[in-house]
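The values are calculated or read from the model by the stated rules, or taken from the named source; none is laboratory data. Just so we're clear, the structure is a prediction, and the values are computed from it rather than from any experiment. We place every Cβ from the backbone using ideal geometry, glycine too, and count neighbours over all the protein chains shown. Calculation scope for accessible area: heavy atoms of the full protein, side chains included, ligands and nucleic acids excluded. Shrake-Rupley method; radii C 1.70, N 1.55, O 1.52, S 1.80 Å.
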Amino acid sequence: MKNLLLVILMVSFWVPTVDAAPKFYGKAFITTDYINSKADRSTRLRTGEATKALNEYDENTVEINSHSGRLGLRGSEDMTDNTDLVYKLEYGISVDGDKSAFKNRDTYLGLKNKQYGELRVGRNSSILGEVDKVIVTEGYWDNLGDSKLKREDELRALNMLDDSRQSNSVVWIAPQYEDLPLDLRLQYAADESFSSESRGRKDGFATSLLYEPDAGYTVGLAYSKDMDVDDDISILDLTDPDEPRRKKVNYGGDVIRAALTADIDKYISLPNDVTLGLMYQQVDYDFDDSQKERGWVVSGEMDLDNFAKPASIYLQYNRTDNLNGYDNSNSDQIVLGGKYDFKKNITGHAYIGQNSADYVAVSKIQGGRC
């Protein structure tokens, strides 16, 4: 069992440019995090396995972190009266200096036609994220996708599977039909890894549908297969009981995500604007003995009128059962925070949160060959 408490102050800064094509843009997001983390080792391993998972871990520390920093270039060029060439080149940056290299984010080249829609080819964000209008937390707590520890000596807030970025992918965005407020997208991601280690991986695909009328609510539904779920797991191979081996198995799976948001103030009289959100997600991993991961997100955000600049407060609760496909490995997280817009491109944040999660460590073999 793990408990984690964090208080955070941060500032995000967007770098706008003059209205021209191409457009250069960027974002710097720096946080000061106070973290109080505790963990006790709780492992469920097969016979003959051992682990170096966290044991009696207790730390109070202050960290300087960079979140979602980026630099990019985007724009479009007219080709015909109905068709434009569109492009985007975006790289992630680490403002605190922990990572020196640029990290490739969305990078694509495409065509946009008024009749046939838009086609993007390159590295694209999964369209699973297009229906997500519910998440309100940022910085440290914008942690969907942290479903397992990256290193066994580093404690992290754990949460349900998130959408990803897909290299070698194609995205089609359907054209808008008259005044129908419907956003339909399809995506295909090719697996171009041909090494023996990647054996078992498959090409992936996804579809998303978002209905966003001018009525104070949104409804979204998305599905992806062998795309957002693309990882590997080490399992114990007992083909020879006298010589157990660790074997890496690549796996994929299916993700279903449904989301709903509603501006409550449009339906009942309230002194402030209030938006509520609800998201349900189910992940079916295809490795042996896996369980369906089921997750909920419930959020609410309220605008504050008694400030000189736009401000809001929010509350978000996340619940995940069978985290990362492991039976009875669960996570609870709650975050309370607020935002204040000093200027159009400068925002201040402050929040506090807690994450309590079970973590299953697997596949460290004691004795035998690895």
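Here are the numbers for the structure shown:
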| read-out | value |
| --- | --- |
| Carbon/sulfur fraction of accessible area - segment 238-353, other protein chains in place, 1.4 Å, % | 55 |
| Global size of segment 255-307 as Cα Rg and Dmax, reported in angstrom | 17.0, 55 |
| Solvent-accessible area per residue for segment 277-354 (1.4 angstrom probe, square angstrom) | 49 |
| Approximate spin-label separation residue 258-residue 296, in nm, with each point projected 7 Å along Cα-to-Cβ | 1.4 |
